[in-house]
Amino acid sequence: MAWVVKLCGKSPGDQAALRSGLGKPVEEVPARMHATLLRRAFVPEADGTPSRQHEIRAYYAVAALVAARPRALRDEPEADPQDVTEAEAGAPVAGTAKPAVSGFHASGTSLGESLALTVDRRKAGDTRVSTAEARLHLVVRQDLDGVHRMLPGLCRQLGSAGVAPDYACLLGDLIGWHHRQSEVTTRWLQAFYRTQRRREAAA
């Protein structure tokens, strides 16, 4: 994901190409998005199996989310591009079929924790508490198509609160959604309530 962040920062044209696929299945994204991702071997090779197709979809979806993030989050300081290798940046080496993230990614900041960070518990009656909680409860009940439909709106909600999602963690969770959804959603719920409890105690 660091590779996509760098690409968007250096090339407005590439950023627009990636953003054009926001919320769309792979079969419906514009040709320019395919070109931007595949010329640089960011997306792993597909072998026709359903699990690999879900994986490909996750790469496209999260790349579009990175490109669509609000300007305030784009302006955050980033590491020097020279310090980011292909492997570290999430781009598979050209010609290889193995993904940069495989199976299930349990580390990093989950979407549940990010949603909890949008709420200022010090403000009495803050309606964002119930809104964030309700949206989390809705998204964890979704199938793969449903979670992909909801992600653009959820990321806009995070961005409006100045919270940047952990895109690498989200990528791994989407890859794992097809066969380990219960593990992903349990971790999101636990992270939300634990983060909320810690913030309440610190307020």
**Request:** Please state which one of ALA132, ALA161 is touching a residue at least 12 places away in the same chain (Cβ under 8 Å), more than 20 Å from MET1 (Cα to Cα) and open to solvent by less than 10 Å² (accessible area, probe 1.4 Å).
**Result:** ALA132
**Prompt:** Any idea which of (1) in contact with a Pro (Cβ under 7 Å, 6 or more places away or on another chain); (2) over 17 Å from LEU65 (Cβ atoms) is the one ALA201 doesn't satisfy?
**Reply:** (1)
**Item:** Within segment 132-163, considering residues that are outside any loop (DSSP other than H, G, I, E, B) and of a type in the set (Gly, Ala, Ser), the one farthest from LEU115 (Cα to Cα)
**Value:** GLY146
**Request:** Scan segment 21-42 for residues that are open to solvent by less than 50 Å² (accessible area, probe 1.4 Å) and in contact (Cβ under 8 Å) with a residue 24 or more places away in the chain and report the count.
**Result:** 9
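The values are calculated or read from the model by the stated rules, or taken from the named source; none is laboratory data. Because the structure is predicted, anything quoted here is derived from the model rather than measured. Cβ atoms come from the backbone with ideal geometry, glycine included; neighbour counts cover every protein chain shown. Note: areas computed on protein heavy atoms with side chains; ligands, DNA, RNA excluded. Shrake-Rupley method; radii C 1.70, N 1.55, O 1.52, S 1.80 Å.
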